[in-house]
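Worksheet: one structure, shown below.
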Amino acid sequence: MSFTAYTRRAPGAPAPTAGRREWTALAVLLLPCLLVSMDVSVLYFAVPFLTAQLEPSAVQQLWILDVYGFVLAGLLITMGALGDRIGRRRLLLGGAVLFGLASCLAAYATSPGTLIAARALLGVGGATLMPSTLALIRNLFRDDRQRGKAIAIWSAATAGGIAVGPVLSGLLLEHFWWGSVFLVNAPAMVLLVCGPLLLPEFTNPALGRFDLLGSALSLAAMLPAVYGIKELARSGPAPLPVAALVVGLLAGAAFVVRQRTARHPMLDLELFRHRGFSGSVLMNLLAMFAVVGCAVFLTQYLQTVRGMSPLRAALWNLVPTLAIGGVAPLAAALARRLDRAHVIAAGFALAAVGFLALAWLEPSSPLWFPLVGAAVYAAGLVVVMSLGNELALGAAPPERAGSASAVLESGTELGGALGMAFLGTIGSALYRHDVRGALPAGLPARAADAAHETLAWAVAVAGRLPGRAGHALLTAARDAFTHGMHAAVLCAAGVMVAAAVLAPVLLRGVRTAPAGEGETGAATTGPPRPAPSTEVS
């Protein structure tokens, strides 16, 4: 069996609807999407176990954790453009093989260097998978309504993978060795043998030669920028991360110039003239800024303030995700009846309510309180991101869907890094300010410095102090952390309110054209205007 070749459709003709085969293909596409998002968080619980066996240095441990995200962010635009040229299905299947092999290499790594290299290869594989899955949805679902539902499901799977990762990691580590958290990826990739039977191929020779210089500049822009932002969040101002950030910005400017002047650019910068595309990229960036920047506070609150084990905290963290499972399809249904701009604005407003609720959280608050607050803000941001993905993908012509998807993913990576840097810095600064005055007199300088740095260290120091001194330090440190969390969630709420006001300004009246394969699918502000294309399968 094979897909019917895409043909030009007369203006006004209805788009063909997807059947059982296309929805089955979507289920196949969700698998790599789920695994890539899981791999962002699956390693955190394994760090103490692999540290005991591999004995990495402090610098090597940081690279084990971060190199996956750095490489993933740096190569997204490159891989999106490459898929548009050599074939999205081909790139997806090749990336699946690389992801599976790199997972096996990571699972059986015998040295820190090998594990770092394996994690970097996982980042390469992830960068091929994420834009390919979203771009292929553009190929599979030609009906505007069905495409919106499919993208909503894709968005929910991405969010679910990040939440499931720590839970799966905790369960595996209770019964197996640390490498088992990587082996989950390998057998699952075997399911992608279904890809050639279910997924259409798409190539566009008209895009011309691949822009190697543009690819190098995109890597030189994203990788140092994300590294600089994360290091500034982790360690504060220092020459190396500041220099990396400056290099990233300069390389980004050079990349834009290159795309304006290249004969065969990787990105069509005209896409950014569409409010539907540029506005959606910005909305997604702001959503990820808030959710990633605050997620670390909720995790630490459950583990360190409330004293939960990592697995128990991860299971409770899963509750908000399960509670909002049907939000993305609901958002797609609302967008068919209301202006998407207003639904997105309502999503931001709902997220602001959730963040504001967490500003009243205390160490002694009942457990349901932070979980409900997290569920509320997560529901709002799922609305934003599912509709934003749909609008941006609908704004891109089919032949540029891979590049457009990569820009969306790059925006979310950058938004998450900015959220960790900005909100994390605010929370850490207030914690350090508050806890400084609570340190007991006579505490050794080394212990005082450790307690001053993080709540986790303060808990460790308090456990070694006798009687009331330890209890007093523990209480003060938990109060200080909660105060820092209040400032971070209030800042996130402010950003959400601003985004709720901005969304109608940028996106009012913009809607995806009911374009299927064979049409540009460009965003319109009036009646849909189908335009023929040369897309083939």
Quiz prompt | Among the candidates 272, 355, 289, 348, residue that is under 22 Å from the mean Cα position of the chain (by Cα) and more than 24 Å from residue 156 (Cα to Cα) | solution = 272
Practice problem: Sort through 102, 96 and tell me the only one that's touching a residue at least 40 places away in the same chain (Cβ under 8 Å) and surrounded by 22 or more Cβ atoms within 10 Å (Cβ to Cβ). | Solution: 96
Practice problem: Could you tell me whether any residue of segment 507-525 is at pLDDT 80 or above, surrounded by 17 or more Cβ atoms within 10 Å (Cβ to Cβ) and either within 27 Å of the chain's Cα centre (by Cα) or part of a loop (DSSP other than H, G, I, E, B) (or both)? | Solution: yes
Quiz item: Within segment 70-91, can one find any residue that is under 30 Å from residue 404 (Cβ atoms), surrounded by fewer than 18 Cβ atoms within 10 Å (Cβ to Cβ), at pLDDT 80 or above and among the polar types (S, T, N, Q)?
Solution: no
Practice problem: Name every residue in segment 432-446 that is part of a loop (DSSP other than H, G, I, E, B) and modelled with pLDDT of 70 or more, in order of residue number. | Solution: 437, 439
Practice problem: Starting from segment 384-401, take each residue that is closer than 14 Å to residue 278 by Cβ and list its partners that are modelled with pLDDT of 75 or more and of a type in the set (S, T, N, Q), counting only C-beta distances under 6 angstrom and pairs at least six apart or across chains. | Solution: 388/280; 388/284; 391/280; 392/280
Practice problem: Being buried (at least 24 other Cβ atoms within 10 Å of the Cβ) and at pLDDT 75 or above is the filter; apply it to segment 414-431 and report the residue that is farthest from residue 142 (Cα to Cα). | Solution: 431
Quiz item: If we scan segment 149-169, do we find a residue that is of a type in the set (D, E, K, R), in contact with a helix residue (DSSP H, G or I) (Cβ under 7 Å, 6 or more places away or on another chain), closer than 19 Å to residue 29 by Cβ and part of a helix (DSSP H, G or I)?
Solution: yes
Exercise. May I ask you to say which residue of 311, 318, 271 is in contact with a helix residue (DSSP H, G or I) (Cβ under 6 Å, 6 or more places away or on another chain), within 30 Å of residue 214 (Cα to Cα), of a type outside the set (Phe, Trp, Tyr) and in contact (Cβ under 8 Å) with a residue 60 or more places away in the chain?
Key: 271
Quiz item: Can you tell me how many residues in segment 376-411 are aliphatic (A, V, I, L, M), at pLDDT below 75 and closer than 21 Å to residue 336 by Cβ?
Solution: 3
Exercise. Looking at (1) touching a Cys at 6+ places or on another chain (Cβ under 9 Å); (2) more than 25 Å from residue 329 (Cα to Cα); (3) at pLDDT 75 or above, find the lone condition where residue 186 falls short.
Key: (3)
Quiz item: Restricting attention to segment 237-267, and to residues there that are outside any helix (DSSP H, G or I) and under 23 Å from the mean Cα position of the chain (by Cα), which single residue is surrounded by the most Cβ atoms within 10 Å (Cβ to Cβ)?
Solution: 266
Self-check item: Options 129, 122, 172, 136; residue that is within 20 Å of residue 313 (Cα to Cα), at pLDDT 75 or above and either part of a helix (DSSP H, G or I) or touching a Pro at 6+ places or on another chain (Cβ under 6 Å) (or both)
Solution: 172
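The values are calculated or read from the model by the stated rules, or taken from the named source; none is laboratory data. Keep in mind that what you see is a predicted model, and the values were worked out from it rather than measured. Methodologically, a virtual Cβ is constructed for each residue, glycine included, from the backbone with ideal geometry; neighbour enumeration extends over all protein chains shown.
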